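S.K.: I'd like to ask you about the structure that follows.
The values are calculated or read from the model by the stated rules, or taken from the named source; none is laboratory data. Just so it is clear, the model here is predicted, and its values are computed rather than measured. No Cβ is skipped: glycine too gets one built from the backbone with ideal geometry, and neighbour counts run over all protein chains shown. Surface areas here come from the heavy atoms of the whole protein model, side chains and all, with no ligands, DNA or RNA. Shrake-Rupley method; radii C 1.70, N 1.55, O 1.52, S 1.80 Å.
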Amino acid sequence: MDTTPESYLDLFPLEAIVYLTPDSENVLEDIDPDKVYVLGGLVDESIHKALQTARLPIREYMVKAPNSRNYHSETLAINQVFDVLSTYYETRSWPAALRAGVSSGKGYVLPDTTEQ
């Protein structure tokens with residue numbers, strides 16, 4: 001791994017950057033080896049206009065699990081997002097990837113793991 005004080009905006013062409021954020025309306029359907037994925041966070045409208053954004057397909061593959069706090073969050077820690085992306089890259093399976101990175105504490109589970 002290389003580190004640099006330079007901004008990713010100065011290192012890569014804008015069209016190659018995909019900023020991952022749970023705020024995006026765009027769903028990440030596949031990983032494109034020609035893109036640079038920035039594991040981001042919550043962003044404002046100005047980022048949405050300047051860069052491509054995407055979110056993990058949590059809503060598309062997972063369901064809200066009943067819980068006493070009625071808590072459901074698609075916001076993950078950086079290491080969780082990395083685990084999801086790494087597992088997806090290896091398996092090409094979103095269910096396997098989401099199982100690896102989204103803890104049950106987020107309030108989402110895969111449909112086959114919900115209580116009947």
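S.K.: Taking the stretch 63-84 as the region of interest, how many residues are within 17 Å of Pro95 (Cβ to Cβ) and in a helix (DSSP H, G or I)?
M.R.: The total comes to 4.
S.K.: Restricting attention to the stretch 93-116, report how many residues are part of a loop (DSSP other than H, G, I, E, B) and touching a residue at least 40 places away in the same chain (Cβ under 8 Å).
M.R.: The total comes to 5.
S.K.: Let me ask another. Give the residue that is nearest to Ser7 (Cα to Cα), with candidates limited to residues of the stretch 48-62 that are assigned to a strand (DSSP E or B) and open to solvent by less than 50 Å² (accessible area, probe 1.4 Å). So that I can check it myself, show each step before the final result.
M.R.: Applying the first criterion (assigned to a strand (DSSP E or B)) to the stretch 48-62 yields 52-55.
Now restrict to residues that are open to solvent by less than 50 Å² (accessible area, probe 1.4 Å): 53-55.
On the way: Thr53: 17, Ala54: 20, Arg55: 21 Å.
The qualifying residue nearest to Ser7 (Cα to Cα) is Thr53.
S.K.: Identify, please: which residue in the stretch 3-31 is acidic (Asp, Glu) and more than 21 Å from Val81 (Cα to Cα) and is, among those, least open to solvent (accessible area, probe 1.4 Å)?
M.R.: Filtering the stretch 3-31 for residues that are acidic (Asp, Glu) and more than 21 Å from Val81 (Cα to Cα), the one least open to solvent (accessible area, probe 1.4 Å) comes out as Glu6.
S.K.: Here's a follow-up. List the residue pairs whose Cβ atoms are under 9 Å apart, where the first residue sits in the stretch 1-29 and is touching a residue at least 60 places away in the same chain (Cβ under 8 Å), the second is β-branched (Val, Ile, Thr), and the two are 6 or more positions apart or on different chains.
M.R.: These pairs meet every condition: Leu20/Val38; Leu20/Thr53; Leu20/Val81.
S.K.: Tell me which residues, restricted to the stretch 66-92, are surrounded by fewer than 15 Cβ atoms within 10 Å (Cβ to Cβ), touching a residue at least 40 places away in the same chain (Cβ under 8 Å) and aromatic (Phe, Trp, Tyr).
M.R.: Across the stretch 66-92, the qualifying residues are Phe82, Tyr89.
S.K.: Next up: Regarding the stretch 93-101, can at least one residue be identified that is hydroxyl-bearing (Ser, Thr, Tyr), farther than 26 Å from Tyr8 by Cα and at pLDDT below 95?
M.R.: Our first condition is that a residue be hydroxyl-bearing (Ser, Thr, Tyr); within the stretch 93-101, this holds for 93.
Those left that are additionally farther than 26 Å from Tyr8 by Cα: 93.
From the residues that got through so far, the ones that are at pLDDT below 95 too are none.
Within the stretch 93-101, none of the residues are hydroxyl-bearing (Ser, Thr, Tyr), farther than 26 Å from Tyr8 by Cα and at pLDDT below 95.
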